[in-house]
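Scroll down for the structure; my scribbles are underneath it.
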Amino acid sequence: MNRPRGAGFGTGLTLPAFAKINLSLELVGPRADGYWEIRTVYQTVALHDRLRMRLTRAGGGIDVRVPGGGAPAGRGNLVHRILARARRALGVRRGIKVELEKNIPAGRGLGGGSSDAAAAVIGLLPRPRSPTSQTSRKRWNRFQIAPPAARRRRAARPSF
């Protein structure tokens, strides 16, 4: 993770969000929350979006910008929605400013939106001692997004 160089971002994090290709995908069935239970194996690829994140003053909102286009900004972006849930669940009181550099084309089945959401939660979560610990898995399951393997270039079999 590098310090962002974008104007107006000050000290913060720069996080990659890698595209992924499903090697297998099985729809298990609907869940009570309206989402579907899935089983999947995917492979990340070099293509990635870049999120620049920083915390702002206490009581601030969530500001998601997409300067180059390619995805909606603000509340219409999955990153905004997942950060709102994560902030409530984790008790984060400070605002969050995000600049999203889109390189993964939308609507092509490469998981750009979900990878962006996973990277955003990674940026907000305190670092667990082990990314495969039971506590870490419970945190990821609570947000119903791919676990940290989505950040690395390797095959993964997440369990939701």
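Observations on the structure shown:
- Long-range amide H partners of Thr56 with built H, under 5 Å: Gly95, Ile96, Lys97
- Near Gly70: Cβ cut-off under 10 Å, other residues only, Lys/Arg at +1 and Asp/Glu at -1. The net charge is -1.
- Arranged from fewest to most other beta-carbon atoms within 10 Å of their beta carbon, Val41, Val28 become Val28, Val41.
- Arranged from fewest to most other beta-carbon atoms within 10 Å of their beta carbon, Ser115, Ser24 become Ser24, Ser115.
- Of the chymotrypsin sites (Phe, Trp or Tyr not before Pro) found in the range 20-84, those that fall in a DSSP loop while having at most 13 other beta-carbon atoms within 10 Å are Tyr35.
No value in this document is a laboratory result; all are computed from the given coordinates. Keep in mind that this is a model prediction, so the values were computed, not measured. Here Cβ is always computed from backbone atoms with ideal geometry, including for glycine, and neighbour counts include all displayed protein chains.
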